[in-house]
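Here is the structure we will look at.
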């Protein structure tokens, strides 16, 4: 099976925050495919459509209380275009920075 | 064990105290003993903005013994939709001065300590001298990591509150018992600024922080220890999530209960 970059497709694991549990039937992690974070989140939404409104504002921006980590590093401020390669792990962080 | 105030036996309540705090003294689990414990307590409020304003007001109303408010900012017009201790006439004034002026009028029996300094890793240990509890009312994550590390090292509980838009979160960190801030959040977590916020979001989270503080200091009820309460305002959902301690945590990994 050929993948997006001509290689074998390897799925990427998205570690889900419990904040979203009700929208992913309680799963702690979801396997998706995509060449960047935006595509991976789109694949997640395809599997669990109600999560779209929880991840994105009306204008398609990530919710401001989310930061997407790839392999333990923040992808702010260019999360959606951050490239993903085989074996990467995506983690969604929920945080209220303001006070 | 969670520290539940200091020895209150040497601090009798006055006749005025018994009247002033009557409605909360009536709460059976709190009573006069709870009131004495609040009277003995010294609470540091880190940040006196959206969260810090209602936290300071409710702690002062409740008869806390000493309040230290720490903030280096001055009042700006854009603060006034939510930072209820600061009014139009205060624009340009240091927030801690603006806050202390109102709090002293609200409850003159509270020992007010206003510190117009920026909290740093270098000065925070000094600010903690004599403090029983820290309220995290900051507006940025970087300072929260400083609060956390200082509190864990000093063994002082920290009640974290954070907000963004209509979302809010709160947890109570007890050094040696619960996961600490650094167990919960990666250090380089980042988001856009300025952040959107209504007045009601910090008001709600601040109320919950003071509820936690009252239970912790007076020694009754169950705390949000090891749990994060999220408020999802758009959906009017309150959800509580168990937090996990990171045994390899740089800050609390070696702290024993």
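The values are calculated or read from the model by the stated rules, or taken from the named source; none is laboratory data. Here the structure is a predicted model, which means the values were calculated and not measured. We place every Cβ from the backbone using ideal geometry, glycine too, and count neighbours over all the protein chains shown.
Residue-level check: of (1) buried (at least 16 other Cβ atoms within 10 Å of the Cβ); (2) touching a residue at least 60 places away in the same chain (Cβ under 8 Å), residue B:100 misses just (2). For segment B:237-257, residues that are closer than 25 Å to residue B:210 by Cβ, in a loop (DSSP other than H, G, I, E, B) and within 14 Å of chain A (Cβ to nearest Cβ) total 1.
When the residues of segment B:111-151 are filtered to those that are within 14 Å of another protein chain (Cβ to nearest Cβ) and surrounded by fewer than 18 Cβ atoms within 10 Å (Cβ to Cβ), the one that is farthest from residue B:162 (Cα to Cα) is B:142.
Residues considered: A:62, A:55. Of these, the only one that is in contact with a helix residue (DSSP H, G or I) (Cβ under 8 Å, 6 or more places away or on another chain), crowded, with 21+ Cβ neighbours inside 10 Å and free of Cβ contacts under 8 Å to residues at least 40 places away in the same chain is A:62. Pairing each residue of segment B:5-28 that is surrounded by fewer than 10 Cβ atoms within 10 Å (Cβ to Cβ) with any residue that is modelled with pLDDT under 95 and assigned to a loop (DSSP other than H, G, I, E, B), provided the two are 6+ apart or on different chains, yields no C-beta distance under 6 Å. Among the residues of segment B:103-128, those that are assigned to a loop (DSSP other than H, G, I, E, B) and either farther than 30 Å from residue B:14 by Cα or touching a residue at least 40 places away in the same chain (Cβ under 8 Å) (or both) comprise B:107, B:109, B:110, B:116, B:117, B:118, B:119, B:120, B:121, B:122, B:123, B:128. Evaluated against (1) within 9 Å of chain B (Cβ to nearest Cβ); (2) on the phi < 0 side of the Ramachandran plot, residue A:55 falls short on exactly one condition, (1). Scanning for something away from chain A (no Cβ under 14 Å), at pLDDT 95 or above, part of a loop (DSSP other than H, G, I, E, B) and farther than 20 Å from residue B:145 by Cα, does segment B:184-205 turn up at least one residue? Checking segment B:184-205: not a single residue is away from chain A (no Cβ under 14 Å), at pLDDT 95 or above, part of a loop (DSSP other than H, G, I, E, B) and farther than 20 Å from residue B:145 by Cα. Residue under question is residue B:146, and the condition is that it be modelled with pLDDT of 95 or more, touching a strand residue (DSSP E or B) at 6+ places or on another chain (Cβ under 6 Å) and not in a loop (DSSP other than H, G, I, E, B); does it hold? Taking the combined requirement at face value, the residue does not satisfy it. Looking only at residues in segment B:36-71 that are more than 14 Å from every other protein chain (Cβ to nearest Cβ) and assigned to a loop (DSSP other than H, G, I, E, B), the one that is farthest from residue B:115 (Cα to Cα) is B:63. Restricting segment B:206-223 to residues that are within 14 Å of another protein chain (Cβ to nearest Cβ) and in contact with a helix residue (DSSP H, G or I) (Cβ under 6 Å, 6 or more places away or on another chain) leaves a set whose member that is farthest from residue B:39 (Cα to Cα) is B:206.
Applying the selection to segment A:13-35, what residues are assigned to a helix (DSSP H, G or I) and in contact with a helix residue (DSSP H, G or I) (Cβ under 9 Å, 6 or more places away or on another chain)?
A:19, A:20, A:22, A:23
Quick check: is even one residue across segment B:86-96 touching a residue at least 40 places away in the same chain (Cβ under 8 Å), within 14 Å of chain A (Cβ to nearest Cβ) and over 15 Å from the mean Cα position of the chain (by Cα)? Taking every residue of segment B:86-96 in turn, at least one turns out to be touching a residue at least 40 places away in the same chain (Cβ under 8 Å), within 14 Å of chain A (Cβ to nearest Cβ) and over 15 Å from the mean Cα position of the chain (by Cα). Can you find even one residue in segment B:231-248 that is touching a helix residue (DSSP H, G or I) at 6+ places or on another chain (Cβ under 6 Å), surrounded by fewer than 21 Cβ atoms within 10 Å (Cβ to Cβ) and closer than 28 Å to residue B:129 by Cβ? Taking every residue of segment B:231-248 in turn, at least one turns out to be touching a helix residue (DSSP H, G or I) at 6+ places or on another chain (Cβ under 6 Å), surrounded by fewer than 21 Cβ atoms within 10 Å (Cβ to Cβ) and closer than 28 Å to residue B:129 by Cβ. Hey, among the residues in segment A:67-99 that are facing another protein chain (nearest Cβ under 8 Å) and part of a strand (DSSP E or B), which one's surrounded by the most Cβ atoms within 10 Å (Cβ to Cβ)? Among residues in segment A:67-99 that are facing another protein chain (nearest Cβ under 8 Å) and part of a strand (DSSP E or B), the one surrounded by the most Cβ atoms within 10 Å (Cβ to Cβ) is A:98.
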